[in-house]
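Accompanying notes for the structure given below.
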Amino acid sequence: MQFVIAALILAFAGIVTFGVLRALRTQHQERERTRRAHLMYEAALRLSGTLDSQEIYRGLRELAARAIPCDGMVVSSYDADSGTVRCLDLWVNGQPLDATTLPVLPIDLVNGRGMQTEVIRTGQGRLYADVQDRVRRGGRYFDVSRDGRVRDLSPPDSRPPVARCALMVPIRLEGKVVGIVQMMSDTPGAYRREHLSILESLVAPMAVALQNAELYARAHREIAERMRVEHALKQSEERLRAADKHKDEFLATLAHELRNPLAPIRTTVALLQSDGPEHEHLAPGLAVIERQMGHMARLLDDLLDINRISRGTLPLRTERVELADVVGRAVEASRPMVDAGRHQLSVTIEGGPIVLAADGTRLAQVLSNLLNNAARYSDAGSRIELQGGRQGDEVVIRVRDHGIGIAPELLPRIFEPFLAIDHVFERSRGGLGIGLSLVRRLVELHGGRVVAASEGPGKGSEFTVHLPQAAEVPSEAPAPPRAAAQAAARRRILVVDDVTDSADSLVHLLRKQGHEALAAYDGEEAVRVAIDYRPDVVLLDLGLPVLNGWEAARRIRELGGSRSPQMIAITGWGPDENPERAREAGFTHHLVKPVDPMVLAQLLASTEPAGTP
């Protein structure tokens with residue numbers, strides 16, 4: 001009986017013990033699950049909270065070391081294209097080491113026998129309980145000492161590695177192995193299956209964090225590259241703007257410096273021509289000088305106009321003009337070149353008065369350039385035809401010549417600036433190669449188009465200008481002519497120019513025309529002379545030394561009070577691009593050197609004497 005009781009007691013104690021042990025095991029497992037859950041949560045929080053790869057590696061080390069025995073850790077990348085593994089982060093015995101101390105290892109997925117090769121091939125994590133045994137079986141293995149020295153354990157070096165067991169987990173992204181995390185312990189049997197499971201759980205969020213870090217780094221590199229490119233483009237644009245500004249300044253200075261000597265030449269020619277029979281024997285030579293001087297002035301105007309158009313600073317003064325008037329001005333401007341080539345010019349305007357909404361001066365410049373081109377590239381005595389008329393809602397103007405023609409392959413490019421068609425076409429006959437480009441741009445500013453046609457070399461050319469037609473308006477009654485006495489009135493004129501030849505020759509011409517004229521050679525002298533001289537008209541150069549023309553004009557106006565003189569700018573800098581400033585300074589007209597003496601005479605005849613109500 002006692003034996004039975006003892007057996008029952010022992011059985012009960014066993015049951016109790018088993019239950020207690022089972023409860024303890026369950027409690028331990030629950031604690032481990034809780035601990036692991038906290039670890040996973042902390043891993044997700046910490047690893048996803050940074051975009052710095054080194055911080056991610058450090059976070060993985062610190063988190064793994066809290067749950068897994070560790071004497072060393074290696075994080076490596078795997079490049080499938082090159083089949084190599086490269087160390088990214090190396091940690092041994094509590095200290096980080098230079099990752100580049102480990103060489104880049106080739107991975108043979110077909111015949112390789114190394115531990116890393118096996119993990120990459122299978123894509124599965126591995127627990128290697130006996131590293132030394134695996135090294136003896138073959139494969140490449142490197143040992144890292146505490147001081148960071150690397151030892152290749154491949155034969156003939158047969159020494160065993162310090163590490164006794166290892167965990168290896170692949171880093172996977174989008175189903176592909178992109179790296180390996182290795183943990184080593186110098187203690188035999190230190191690792192169990194749960195350690196491998198924990199490491200796998202830590203590597204998963206680390207892979208996502210590394211991908212985010214790489215995406216961020218890539219985006220940062222792309223942004224940096226874009227900023228570099230944008231900075232380079234900005235610098236290039238600034239250099240181009242600076243170069244364009246310097247080009248504008250050069251062209252303006254060039255025009256100024258060339259116009260200044262043209263002005264006294266033209267004035268002197270006018271003086272000699274006004275002498276009549278006395279210099280009759282010089283008439284042919286004077287005509288040549290005047291013709292070539294006009295040609296040079298037109299080249300300068302074209303050069304500056306094409307530059308203004310490219311910068312968008314060429315204004316159009318649009319008004320209602322009759323085509324016949326525009327054609328007349330163009331023919332008059334081109335007459336010297338047409339006559340010099342002894343060409344036969346035929347002009348036909350069909351359909352009665354044709355009205356255009358256009359800048360008459362610029363449109364005349366278009367037709368004049370086309371006529372000059374026709375005269376320049378035609379043999380002496382050739383026929384040139386200008387025809388104009390309505391065609392639907394357009395006004396169509398054709399300029400046809402029988403000259404050297406245009407090759408078919410050059411027709412699409414004929415309106416490009418500075419186009420060197422060939423030495424015969426462009427160079428031997430003069431020109432800058434910008435006339436046709438200027439024609440196209442001026443026509444386009446008027447809302448029209450221009451077309452070139454030619455049957456080929458030696459068969460002539462035809463340029464057709466299409467322009468929108470303005471609504472018909474009744475013509476205004478002409479203004480009554482001024483009295484002859486007023487047109488011939490004597491004026492007291494002050495000529496101000498720092499180019500002595502320009503000032504003196506213009507004074508001589510004005511005196512010969514019956515005016516009283518005096519010269520000054522800088523802005524301050526002009527103001528002093530105006531105080532006593534009290535001129536009716538001041539012909540004032542803008543680019544004066546000491547005191548510029550704008551300021552000199554303002555002071556002279558203030559001195560005159562109610563008897564302010566008429567202010568006319570005569571400058572080599574080109575047409576006035578600041579009309580508001582010109583009005584404020586008191587200028588009523590703006591003439592560009594070299595001034596046509598007839599234009600100046602007509603302008604003086606239309607001015608009132610100072611103080612005239």
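With a 1.4 Å probe and every protein chain left in place, work out the accessible area per residue of the range 158-199 in Å², rounded to a whole number.
Working: 1900 Å² over 42 residues.
Ligands and nucleic acids excluded, the result is 45 Å² per residue.
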| field | Sequence-distant residues sharing a close amide H with Arg383 (under 5 Å, placed H) | value | Gln344, His402
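Kindly sort Glu225, Glu55, Glu558 by accessible area of their heavy atoms, largest first, with the probe set to 1.4 Å.
On the way: Glu225 85, Glu55 55, Glu558 120 Å².
Accessible-area ranking of Glu225, Glu55, Glu558, largest first: Glu558, Glu225, Glu55.
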| query | For the range 365-420, how big is Rg over Rh, using alpha carbon atoms and the Kirkwood form of Rh? | reply | 1.00
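What is the packing order of peptides 586-592, 404-410, taking the mean over residues of other C-beta atoms within 10 Å and listing the highest first? Before the final figure, lay out each step's value.
Details: 586-592: 18.3, 404-410: 15.4.
Highest to lowest by the protection proxy: 586-592, 404-410.
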| task | Can you work out the PRE-style zone for Glu319? Point 7 Å along Cα to Cβ, and I want the residues of the range 346-365 with backbone N under 11 Å. | result | 358-361
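What's the FRET efficiency of His38 with Leu127 using the Cβ-Cβ distance as r and R₀ = 22 Å, to the nearest 0.05? Show your work: numbers first, answer last.
Numbers: r = 23 Å, r/R0 = 1.06.
So, using R0 = 22 Å, E works out to roughly 0.40.
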| query | Check Val347: other-chain or 5+ apart residues with amide H under 5 Å from its amide H, H built from backbone geometry? | reply | Leu386
| task | Using only the alpha carbons, work out the radius of gyration and Dmax of the range 53-121 in angstrom. | result | 13.3, 37
| said: Tell me the accessible surface of His508 in square angstrom (1.4 angstrom probe, heavy atoms of protein chains only), to the nearest ten. | reply: 100
| query | So for the pair Val110, Ala453, with labels modelled 7 Å out along Cα→Cβ, what separation do we get in nm? | reply | 7.3
| message | As an exercise, use a Förster radius of 51 Å and the Cβ-Cβ distance of Arg192 and Glu225 to find the FRET efficiency, rounded to the nearest 0.05. | response | 0.60
| Which of the trypsin sites (Lys or Arg not before Pro) found in the range 107-143 are in a DSSP loop and have at most 13 neighbouring Cβ atoms, other than their own, within 10 Å? | Arg113
| query | Each residue of the range 260-268 in order: what ³J(HN,Hα) in whole Hz does its phi give by Karplus 6.51 cos²θ - 1.76 cosθ + 1.60, θ = phi - 60°, with x for Gly and Pro? | reply | 4, x, 5, 4, x, 5, 5, 5, 5
| said: Testing the spin-label approximation: label points 7 Å from Cα along Cα→Cβ at Arg335 and Glu350. State their distance in nm. | reply: 2.7
| message | Can you compute the radius of gyration and Dmax for the range 157-216, using only the Cα atoms, both in Å? | response | 14.3, 44
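Relative to the compact globular guide of 2.2 N^0.38 Å, what is the alpha carbon radius of gyration of the range 491-538, as a ratio?
On the way: Rg = 9.8 Å, N = 48, 2.2 N^0.38 = 9.6 Å.
Against the empirical 2.2 N^0.38 Å value, I get 1.03 for the range 491-538.
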| Roughly how many nanometres apart are two label points built 7 Å out from the Cα toward the Cβ at Val288 and Arg149? | 9.9
| remark: Subtracting the Cα-Cα distance of Arg511 and Gln235 from 0.36 nm times their residue separation yields 93.7 nm
| query | Does the range 312-355 classify as rounded, prolate or oblate by the C-alpha gyration tensor (a ≥ b ≥ c root eigenvalues; a/c under 1.5 gives rounded; else a/b over b/c gives prolate, otherwise oblate)? | reply | oblate
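The values are calculated or read from the model by the stated rules, or taken from the named source; none is laboratory data. Note that the structure is a prediction, hence the values are computed from the model and not measured. Reconstructed Cβ throughout: ideal geometry from the backbone, glycine too, with neighbour counts over all protein chains shown. Accessible surface is based on the protein model in full, side chains and every heavy atom, while ligands, DNA and RNA are left aside. Shrake-Rupley method; radii C 1.70, N 1.55, O 1.52, S 1.80 Å.
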